[in-house]
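Presented below is the structure to which this report refers.
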Amino acid sequence: MTTHEIELKTLMLASLDGDAASHRALLDRLSRRLRAYYKGKLAGAGRSAGEAEDLVQEAVLAIHLKRHTYDPAELLTPWVHAIARYKLIDFLRRTRTLQADVPIDEADAMMAHDDNVDAESTYDVKRLMERLPKNMRCSIEAVKLDGLSIAEAAERCGITESGVKVNIHRGLKALATVIARETRT
Amino acid sequence: MALGITLVGLGVRTDLMTARTLAFLLLKLAFTVGIVGVASIYLTRLSRPGGDKRTSSISAAMPFAAIVLLAVISLGFAPSSHWNKMVMGDEWLECLLSIPIIAIVPFAAAIWAVRRAAPTNLARTGAFAGLIAGGVSAMAYALHCTDDSLPFVAVWYGGTIVLCTLAGAALGPRLLRW
């Protein structure tokens, strides 16, 4: 049995006897543990950690309202865990239906935007970049496409910061030449 | 409550005093009391948070296994020309309808009681509430029913009680949320 279990169970038994101070202390301690539990679980389920706070409130309220279902002969941790888990599952189910609620748009909106140009230019850039030497390609990708700083790009490509700058400059020039030649043919 | 409905709505069977019918009545009551007893123990465990971890529901099937075994034995002793009569009885449709209808009241009572606790496995808890309701209802209906054959009890009593259990499992998640 862990020290948490002993400490929290003592508080729980005292609060079941009607000790208000113990009850407050218990809920306060449990809400801290619950926050950590929910943050971890929500991140695992692909949800934002900000939703954890709502869940903590719900679970603490449930623990308060359902405290008569705790059997003093049993351990406290499994009881709290069962409530926390129940509330998590309930929350995930409830919000999943909300997120599946996609509005019915006008049919025209479906045809309004053409993303083909973007897709084609991405493809073209990739194809052209393949012709550049490795250091130039790496520098341009890091700074111009992925938005890294010069220092980060230098670390990624394994060259100095001034090397990155020079490579970008030369690489862009080379690209311009290649594009000019391609448009002429 | 369920008892009252049966007494008022259907009336107690009139031939209660002969030894044979009394024996069958006691047997039906033993079957249903067994179901209700076992299911009540599980329901109290399931209505505490985390209670579903330590509970395996296998022994809830014991009364069913017992009645089916007895039914098969009694079919074995009877000539096969009687089988149809033994299984179908005289009032199988009435039995099929009455038990679920009478079960509504005990089901509502069981759900109301469980809602004050905190079940964490709603489908299973609902199933056991349905099982208890079906058992109580069959107990009450046994006072009226005049079909005295083990296969009849096994098929129609057992079947309708299982039906109540399935209904409970389906309704549990909606009725028991907290």
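The values are calculated or read from the model by the stated rules, or taken from the named source; none is laboratory data. Because the structure is a prediction, the values reported are computed rather than measured. Ideal geometry is used to build each Cβ from the backbone, glycine not excepted, and the neighbour counts take in all protein chains shown.
The residue list B:Val136, B:Val105, B:Val153 contains one member that is buried (at least 18 other Cβ atoms within 10 Å of the Cβ) and out of contact with any Phe, Trp or Tyr (no Cβ under 8 Å at 6 or more places or on another chain), which is B:Val136.
With respect to A:Ala20, determine if the residue is within 20 Å of B:Trp178 (Cβ to Cβ) and either over 26 Å from the mean Cα position of the chain (by Cα) or at pLDDT 85 or above (or both). Give the steps one after another, and end with the answer.
Values: within 20 Å of B:Trp178 (Cβ to Cβ): no; either over 26 Å from the mean Cα position of the chain (by Cα) or at pLDDT 85 or above (or both): yes.
Judged against the criteria, A:Ala20 is not a match.
Conditions (1) closer than 30 Å to A:Glu51 by Cβ; (2) acidic (Asp, Glu); (3) outside the structural domain of A:Arg47 (by TED's automatic domain parsing); (4) in contact (Cβ under 8 Å) with a residue 12 or more places away in the chain, marked per residue:
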site: A:Glu106; (1), (2), (3), (4): no, yes, yes, no
site: A:Met110; (1), (2), (3), (4): no, no, yes, no
site: A:Glu130; (1), (2), (3), (4): no, yes, yes, no
site: A:Met136; (1), (2), (3), (4): no, no, yes, yes
site: A:Ser139; (1), (2), (3), (4): no, no, yes, yes
site: A:Ile159; (1), (2), (3), (4): no, no, yes, yes
site: A:Leu175; (1), (2), (3), (4): no, no, yes, yes
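For segment B:60-70, the count of residues that are within 14 Å of another protein chain (Cβ to nearest Cβ) and not hydroxyl-bearing (Ser, Thr, Tyr) is zero. Determine whether A:Leu88 is surrounded by 11 or more Cβ atoms within 10 Å (Cβ to Cβ), away from every other protein chain (no Cβ under 14 Å) and of a type in the set (A, V, I, L, M, F, W, C). Considered against the rule, which asks whether it is surrounded by 11 or more Cβ atoms within 10 Å (Cβ to Cβ), away from every other protein chain (no Cβ under 14 Å) and of a type in the set (A, V, I, L, M, F, W, C), A:Leu88 comes out as no.
Residues that are surrounded by fewer than 16 Cβ atoms within 10 Å (Cβ to Cβ), within 14 Å of another protein chain (Cβ to nearest Cβ) and within 25 Å of B:Ala140 (Cα to Cα) within segment B:22-59 comprise just one, B:Thr44.
When A:Asp19 is tested against (1) more than 24 Å from B:Arg116 (Cβ to Cβ); (2) surrounded by 12 or more Cβ atoms within 10 Å (Cβ to Cβ), only condition (1) is not met. Being in a helix (DSSP H, G or I), among the small types (Gly, Ala, Ser) and either farther than 30 Å from A:Asp17 by Cβ or over 24 Å from the mean Cα position of the chain (by Cα) (or both): is that true of A:Ala109 here? Here the answer is yes, as A:Ala109 does meet what is asked.
Does A:Asp71 satisfy being within 14 Å of chain B (Cβ to nearest Cβ), at negative phi and exposed (fewer than 15 other Cβ atoms within 10 Å of the Cβ)? Yes, satisfied.
From B:Ala123, B:Ala154, B:Ala103, B:Ala127, grab the single residue that is in contact (Cβ under 8 Å) with a residue 24 or more places away in the chain and within 14 Å of chain A (Cβ to nearest Cβ). Step through it out loud before you land on a result.
Values: B:Ala154 fails: within 14 Å of chain A (Cβ to nearest Cβ); B:Ala103 fails: within 14 Å of chain A (Cβ to nearest Cβ); B:Ala127 fails: within 14 Å of chain A (Cβ to nearest Cβ).
Exactly one of B:Ala123, B:Ala154, B:Ala103, B:Ala127 is in contact (Cβ under 8 Å) with a residue 24 or more places away in the chain and within 14 Å of chain A (Cβ to nearest Cβ), namely B:Ala123.
Within segment B:157-178, the set of residues being away from chain A (no Cβ under 14 Å) and of a type in the set (Gly, Ala, Ser) comprises B:Gly158, B:Gly159, B:Ala167, B:Gly168, B:Ala169, B:Ala170. Inspect all residues belonging to segment A:37-58 and state whether any of them is assigned to a helix (DSSP H, G or I), surrounded by 15 or more Cβ atoms within 10 Å (Cβ to Cβ) and within 14 Å of another protein chain (Cβ to nearest Cβ). Yes, segment A:37-58 contains at least one residue that is assigned to a helix (DSSP H, G or I), surrounded by 15 or more Cβ atoms within 10 Å (Cβ to Cβ) and within 14 Å of another protein chain (Cβ to nearest Cβ). Restricting the search to helices (runs of 4 or more DSSP H) fully inside segment B:70-169 and requiring at least 2 residues that are of a type in the set (D, E, K, R) gives B:92-115.
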